[in-house]
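Visitor: Let me begin by handing over the structure; questions about it come next.
The values are calculated or read from the model by the stated rules, or taken from the named source; none is laboratory data. As the structure is a prediction and not an experimental result, all values here were calculated from the model. Every residue, glycine among them, receives a Cβ derived from its backbone with ideal geometry; neighbour counts consider all protein chains shown.
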């Protein structure tokens with residue numbers, strides 16, 4: 001998703017789902033970026049904010065695997081702390097997310113808007129309630145029989161993904177904007193009032209808060 005934003009007026013924000021643009025199907029990153037440039041009404045926005053790759057932590061860890069696993073390090077412990085699970089070192093899992101991050105897509109989109117400030121925003125925290133997930137599976141419907149992965153594992157995977165996105169922002173020369181504090185529970189999961197009718201996305205209320213935080217932070221950085 002991209003938002004082409006004017007700093008002075010939030011109503012000038014324009015959101016695009018890049019995977020659902022006309023002509024986007026099958027396009028490589030450079031081709032997607034060109035389609036995007038032709039899609040947005042403002043060809044020279046002050047700010048381009050990208051929110052990409054948020055489902056990866058869900059693909060990896062929303063459902064239990066055939067070989068249940070944990071992630072961690074000897075010095076920090078594992079999530080979950082269950083010695084019967086297959087142990088994956090933290091850096092190995094971080095490397096997986098680094099390989100999956102859309103570096104070429106970020107670069108290609110920012111290249112299409114050379115005069116715009118660059119922002120990469122974090123993706124929503126994971127939904128922790130299995131009832132909501134199982135009732136709103138969407139694209140994950142074929143994985144219901146696997147059952148839920150442990151919550152500590154899901155949170156660990158989200159935190160790794162968030163770190164990878166922050167480091168990607170640094171590589172792209174972009175500002176990283178994390179999610180607002182008030183959208184997450186004390187444990188770190190998305191609050192129910194911000195659930196979308198699917199397992200991974202935030203709703204309109206979440207989007208308003210996230211956009212407001214982006215606007216505030218880019219204003220502070222201006």
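Visitor: Can you confirm whether residue 203 is surrounded by fewer than 16 Cβ atoms within 10 Å (Cβ to Cβ) and under 15 Å from the mean Cα position of the chain (by Cα)?
Guide: Here the answer is yes, as residue 203 does meet what is asked.
Visitor: Out of all the residues in region 41-58, which are crowded, with 19+ Cβ neighbours inside 10 Å and under 16 Å from residue 105 (Cβ atoms)?
Guide: 48, 49, 50, 51, 52, 53, 54, 56 - these are the residues of region 41-58 that are crowded, with 19+ Cβ neighbours inside 10 Å and under 16 Å from residue 105 (Cβ atoms).
Visitor: State which residue is surrounded by the most Cβ atoms within 10 Å (Cβ to Cβ) when the search covers only region 85-103 and only residues that are more than 16 Å from the chain's Cα centre (by Cα) and in contact (Cβ under 8 Å) with a residue 40 or more places away in the chain.
Guide: Here the residue is 93.
Visitor: Go through region 83-106 and give me each residue that's more than 29 Å from residue 183 (Cα to Cα) and part of a loop (DSSP other than H, G, I, E, B).
Guide: Result: 83, 84, 85.
Visitor: Quick check on residue 197: is it in a loop (DSSP other than H, G, I, E, B), under 20 Å from residue 100 (Cβ atoms) and modelled with pLDDT of 95 or more?
Guide: Spelling it out, it is not the case that residue 197 is in a loop (DSSP other than H, G, I, E, B), under 20 Å from residue 100 (Cβ atoms) and modelled with pLDDT of 95 or more.
Visitor: If you don't mind, another one. For residue 120, only one of the following conditions fails: (1) assigned to a helix (DSSP H, G or I); (2) within 14 Å of the chain's Cα centre (by Cα). What is its number?
Guide: Just one mismatch for residue 120, condition (1).
Visitor: Continuing with the same structure: Name the one entry in 131, 187 that is in a loop (DSSP other than H, G, I, E, B), under 26 Å from residue 70 (Cβ atoms) and over 16 Å from the mean Cα position of the chain (by Cα).
Guide: The match here is 187.
Visitor: Also, I was wondering about something else. Here are the criteria: (1) farther than 25 Å from residue 199 by Cβ; (2) at pLDDT 95 or above; (3) part of a loop (DSSP other than H, G, I, E, B). Tell me which single one residue 67 does not satisfy.
Guide: With (1) farther than 25 Å from residue 199 by Cβ; (2) at pLDDT 95 or above; (3) part of a loop (DSSP other than H, G, I, E, B) applied to residue 67, the lone miss is (1).
Visitor: Please give the number of the condition residue 138 fails out of (1) closer than 18 Å to residue 56 by Cα; (2) in contact with a strand residue (DSSP E or B) (Cβ under 7 Å, 6 or more places away or on another chain); (3) modelled with pLDDT under 95.
Guide: Condition not satisfied by residue 138: (2).
Visitor: Next up: So which residues in region 168-184 are in a helix (DSSP H, G or I) and surrounded by fewer than 16 Cβ atoms within 10 Å (Cβ to Cβ), if there are any at all?
Guide: 170, 171, 181, 182
Visitor: Another question, then. Regarding residue 109, is this residue part of a helix (DSSP H, G or I), within 20 Å of the chain's Cα centre (by Cα), at negative phi and crowded, with 16+ Cβ neighbours inside 10 Å?
Guide: Criteria met by residue 109.
Visitor: Kindly indicate whether any position in region 158-169 is more than 18 Å from the chain's Cα centre (by Cα) and modelled with pLDDT of 95 or more.
Guide: Taking every residue of region 158-169 in turn, none turns out to be more than 18 Å from the chain's Cα centre (by Cα) and modelled with pLDDT of 95 or more.
Visitor: Among (1) surrounded by fewer than 15 Cβ atoms within 10 Å (Cβ to Cβ); (2) more than 26 Å from residue 175 (Cα to Cα); (3) modelled with pLDDT under 90; (4) in contact with a helix residue (DSSP H, G or I) (Cβ under 9 Å, 6 or more places away or on another chain), there is one condition residue 15 misses while meeting the rest; what is its number?
Guide: (2)
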